[in-house]
Each structure stands twice: as structure tokens, then as C-alpha cells.
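This report refers to the structure that appears directly beneath it.
No value in this document is a laboratory result; all are computed from the given coordinates. For clarity, every value in this text was computed on a predicted model and none was experimentally measured. Cβ sites come from the backbone with ideal geometry, for glycine too, and all protein chains shown count toward neighbours.
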Ligand SMILES: [Fe+2]
Ligand SMILES: [Fe+2]
């Protein structure tokens, strides 16, 4: 039967690399050894475009829709819980963007808000992705009938466009991973 979650698991791997960067750089910011506020705006761009518009949109517009079409309740269900967590993530990201924008303009009083919202987003996404990888996606592979799968894969491919989005955001993650690996001084 055509697989409809493996591509999503692969996207989680790149999102988790950004989660690790946000968590580590929030810790370094708290210690006063990282002041490159542009990183957090790059993280916001990654999260909004790659995690939200690209990955979460596939879940919200395709995978979750088919699960509901095939018997999973939309309310008081894992689907509702995942959607609520997507919204919580968006709230952290909005606050992170405001704080990082102010810090970049010289307002250092925003550093605790960067640390709080960066860590909050990282913890939320770590837990969220774990639940999808270990519970919701395996469940989807068990319950979704073969007949709906080709159109799901076609919808994923339409969302992926020409593939440049993944390449661009993987390069962004790699650039900041190199920065994090470079000792200061
Ligand atoms: Fe999700
Ligand atoms: Fe996901």
C-alpha cells in the first residue's frame, strides 16, 4: 500500500534540527554568549514557511482531513489535540518574532522573551513530533484505505512544488549548524 507518512517523518527530521538550534541558541543567549538575534528571525522564517505553510499545511489540509473522512472524530480527538498544538506553536513564534525584532533594534530587555518563547516552541514541537511519529502516523497507516492514498500523495507533491523549498530551508539549517559548531574567539 502507498505510504502516506514517510515523507512527513522526513520533514520532522529537518524541523527537529531547527528545534535543536533554537533550544541551544536560547540557552547561549540566556548565558550571554550568543547575541546574533538575526538567527531567531531566520528560525521564525523557517518555522512559518517550512514547518507551518509546508509541513503543517499537508497535515491540516490532507492527512488530518482524510483521517476524519475515514472515521476519526474531528473533536475531542488526537486530530483536535494536534491542531491546538499547531496554534500554540504559532503563538510562540509570533512572540519570538516580536522579541527578536526588538532585540535586533537594540532593545536588550527582550532577551528573556526570546529565551522563553524559543524554549517554549522547542519543547512543544519536540513533544508534538514525538506524538505524531509514534502514535498518529502509525495509526494513519493502519486506518487509511488504499483508495484515498494516491490523491493524498498527489496533494503532497502539489504542496512541495519544484522542491526548492526543502533545499533552501535545509541550507538555512546547515548554515546555522555550522555557526553553532564554530568555537567563539
Ligand atoms: Fe503536526
Ligand atoms: Fe508534523
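Pick from 123, 99: which is loosely packed, with under 15 Cβ neighbours inside 10 Å and either in contact with a helix residue (DSSP H, G or I) (Cβ under 9 Å, 6 or more places away or on another chain) or free of Cβ contacts under 8 Å to residues at least 12 places away in the same chain (or both)? Walk me through how you get there before you give the answer.
Values: 99 fails: loosely packed, with under 15 Cβ neighbours inside 10 Å.
After ruling out the rest, the residue left standing is 123.
Just to verify a result, which residue in the range 61-79, among those that are within 12 Å of ligand 1 (Cβ to nearest atom) and farther than 19 Å from residue 6 by Cβ, is surrounded by the most Cβ atoms within 10 Å (Cβ to Cβ)? Among residues in the range 61-79 that are within 12 Å of ligand 1 (Cβ to nearest atom) and farther than 19 Å from residue 6 by Cβ, the one surrounded by the most Cβ atoms within 10 Å (Cβ to Cβ) is 79. Given the criteria away from ligand 2 (no atom under 15 Å from the Cβ) and part of a helix (DSSP H, G or I), does residue 68 qualify? Yes.
Here 46, 34 are screened, and the one residue that is closer than 20 Å to residue 121 by Cα, without any contact (Cβ under 8 Å) to a residue 24 or more places away in the chain and either more than 14 Å from ligand 1 (Cβ to nearest atom) or in a loop (DSSP other than H, G, I, E, B) (or both) is 34.
For residue 134, are the conditions met, namely being loosely packed, with under 11 Cβ neighbours inside 10 Å and within 16 Å of ligand 1 (Cβ to nearest atom)?
Details: loosely packed, with under 11 Cβ neighbours inside 10 Å: yes; within 16 Å of ligand 1 (Cβ to nearest atom): yes.
Taking the combined requirement at face value, the residue satisfies it.
For the range 157-185, a residue qualifies if it is part of a helix (DSSP H, G or I) and free of Cβ contacts under 8 Å to residues at least 40 places away in the same chain, and the qualifying residues are 157, 158, 164, 167, 168, 171, 174, 175, 178, 181. Each residue in the range 109-156 was checked for being farther than 30 Å from residue 31 by Cβ, more than 16 Å from ligand 2 (Cβ to nearest atom) and assigned to a helix (DSSP H, G or I), and 10 pass.
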